[in-house]
Amino acid sequence: MRVLIINTAEKTGGAAIAARRLMEALKKSGIKAKMLVRDKQTDEVTVVPLRKSWRHTWNFVWERMVIWKANRFHRQHLFAVDIANTGTDITSLPEFKQADVIHLHWVNQGMLSLKNLQQILASGKPVVWTLHDMWPVTGICHHAQTCTRYIRHCHECPLLAHKRYKDLAFRTFQKKLRLYAHAPLTFVACSHWLEHLAQQSALTKGLPVISLPNPIDTRLFHPLDRLQVRQELGLPTDKRLLLFSSMKITDKRKGIDYLVEACRLLRQTHPDFSRQLGVVVMGHASAEYTSLFPFPVYSLDYRSEEKDIARVYNAVDLFVTPSLMENLPNTLMEAMACGVPCVGFHIGGIPEMIDHLHNGYVAQYKSATDLANGIWWSLNDGDYPSLCEAARRKAVNSYGEDNVARQYIHLYNQITEDHD
């Protein structure tokens with residue numbers, strides 16, 4: 001069986017990382033998998049880039065211009081929506097023609113247009129679409145948040161300044177309705193949370209929507225000697241270290257302000273314990289938050305190589321993700337595979353990953369107080385060695401690449417048989 005995985009980028013962003021990991025997992029399971037991207041970033045031979053062209057840049061710019069105009073030239077929410085009005089026809093590529101299954105991932109920002117998606121579906125090949133956000137099942141937004149218009153029909157989009165019933169969201173939703181009708185298409189959500197949201201959309205009516213997790217190589221992400229790794233990274237060996245990681249630390253959706261507040265609360269309520277703590281902040285612009293924490297902060301640049309990322313997880317005692325918007329975060333999966341307990345808010349797919357009081361702590365949404373409680377409990381009241389073992393076991397059993405690959409192969413076999 002030949003599977004073509006399609007994503008805008010090869011390594012940048014959570015969807016790209018998950019898509020590439022799936023390709024590798026499928027290859028190890030005997031599937032002839034390739035990945036088609038617009039932005040290639042390695043020399044991996046099974047990752048095929050689109051032919052370089054000035055059109056890729058123009059596609060991106062033109063889409064932003066249309067959105068900008070529809071939003072009365074406001075920059076707010078400019079990248080919170082996509083309309084897929086430009087892209088590249090991939091159906092003539094040999095990799096497409098050879099594939100038995102087309103597997104879409106995140107294809108926005110000029111990778112594929114709605115017209116290109118129609119060409120793919122018209123080819124008759126069975127198509128799987130993994131949802132890394134809500135865009136495939138809404139009009140134009142990547143995250144509907146509290147808006148429920150997508151359940152019936154998007155209109156008067158809250159992310160557009162120009163409030164009209166038949167706005168850009170309405171028109172794009174209408175195009176998607178026509179596009180998906182009777183299409184050989186299966187939606188796969190990475191979490192049960194997103195599966196439930198997708199099933200409510202009018203766009204998925206009559207189409208299968210299932211949940212399958214993203215995979216991780218638990219032989220690469222695995223426990224190491226913590227003391228040795230700390231010495232190699234130049235981190236203190238006499239501190240209990242918390243880790244906050246984000247590609248862009250200043251992204252408010254990642255919730256670092258809640259972690260800062262939780263640390264301040266810990267210093268007030270547990271002064272003796274707080275003297276033991278340090279915070280490792282990994283990501284771009286990490287040094288900007290150094291002065292805000294009441295504990296020593298150790299800034300690390302963002303790592304792109306997975307071996308380096310695994311070493312950072314192995315250097316800390318606890319991974320804290322106060323993110324305000326998540327599906328099935330790769331960071332949680334990585335930390336757990338390294339045997340590191342996790343603390344996060346009750347949002348998105350996080351409660352599916354962290355089993356409360358078993359391998360970590362699920363805090364009340366947007367509660368810095370409960371986030372502080374989770375950090376304290378995990379490092380004091382909980383049986384810490386048991387938390388570490390349970391975190392590793394959950395990652396291996398639920399997200400190990402062999403297990404996830406088998407589930408996807410079963411899906412591919414099923415849809416190709418149905419298609420025949």
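The values are calculated or read from the model by the stated rules, or taken from the named source; none is laboratory data. Nothing here was measured: the structure is a model prediction, and the numbers come from that model. Quick reminder, even Gly has a Cβ in these numbers, built from the backbone with ideal geometry, and neighbours come from all protein chains shown. Just so you know, the surface numbers come from the protein's heavy atoms only, side chains and all, with ligands and any DNA or RNA stripped out. Shrake-Rupley method; radii C 1.70, N 1.55, O 1.52, S 1.80 Å.
Tell me which residues, restricted to the stretch 246-287, are open to solvent by 20 Å² or more (accessible area, probe 1.4 Å) and within 24 Å of residue 330 (Cα to Cα). Don't jump to the end; show me each part of the working.
First pass over the stretch 246-287, keeping only residues open to solvent by 20 Å² or more (accessible area, probe 1.4 Å): 247-248, 250-254, 257-258, 261, 264-265, 267-272, 275-276, 284-285, 287.
Within the stretch 246-287, 247, 248, 250, 251, 252, 253, 254, 257, 258, 284, 285, 287 qualify.
Residues 273, 295: which one is farther than 30 Å from residue 22 by Cα and part of a loop (DSSP other than H, G, I, E, B)? Let's see the steps before the verdict.
Working: 273 fails: part of a loop (DSSP other than H, G, I, E, B).
Step by step, each of 273, 295 is checked, and only 295 is farther than 30 Å from residue 22 by Cα and part of a loop (DSSP other than H, G, I, E, B).
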Return yes or no: is residue 231 assigned to a helix (DSSP H, G or I), out of contact with any strand residue (DSSP E or B) (no Cβ under 6 Å at 6 or more places or on another chain) and either free of Cβ contacts under 8 Å to residues at least 12 places away in the same chain or closer than 22 Å to residue 415 by Cα (or both)? yes
Note: among 194, 203, 177, just one is in contact with a Leu (Cβ under 8 Å, 6 or more places away or on another chain), surrounded by fewer than 18 Cβ atoms within 10 Å (Cβ to Cβ) and either part of a helix (DSSP H, G or I) or not aliphatic (A, V, I, L, M) (or both), namely 177
When the residues of the stretch 298-344 are narrowed to those that are part of a strand (DSSP E or B) and under 19 Å from the mean Cα position of the chain (by Cα), which ends up surrounded by the most Cβ atoms within 10 Å (Cβ to Cβ)? 320
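Of all residues in the stretch 94-113, which are in a helix (DSSP H, G or I) and buried (at least 17 other Cβ atoms within 10 Å of the Cβ)? Walk me through it before giving the result.
Our first condition is that a residue be in a helix (DSSP H, G or I); within the stretch 94-113, this holds for 94-98.
Within the stretch 94-113, just 96 meets the criteria.
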Which count do you get for residues in the stretch 235-254 that are in a loop (DSSP other than H, G, I, E, B) and closer than 16 Å to residue 287 by Cα? 4
Members of the stretch 215-236 that are under 20 Å from residue 296 (Cα atoms) and either in contact with a Phe, Trp or Tyr (Cβ under 7 Å, 6 or more places away or on another chain) or open to solvent by less than 50 Å² (accessible area, probe 1.4 Å) (or both): 229, 230, 233, 235, 236
Which ones in the stretch 3-45 are small (Gly, Ala, Ser) and surrounded by 23 or more Cβ atoms within 10 Å (Cβ to Cβ)? 15, 18, 19, 25, 33
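How many residues does the stretch 362-397 contain that are under 25 Å from residue 146 (Cα atoms) and open to solvent by 30 Å² or more (accessible area, probe 1.4 Å)? Break it down into steps so the answer makes sense when it comes.
Here is the first cut: in the stretch 362-397, the residues under 25 Å from residue 146 (Cα atoms) are 362-371.
Then drop every residue that is not open to solvent by 30 Å² or more (accessible area, probe 1.4 Å), which leaves 364-366, 369.
Total satisfying the criteria: 4.
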Pairs needed: first member in the stretch 355-368, within 19 Å of residue 339 (Cβ to Cβ); second member anywhere, at pLDDT below 95 and open to solvent by less than 90 Å² (accessible area, probe 1.4 Å); C-beta distance under 8 Å; at least 6 residues apart or different chains. 357/382; 361/382
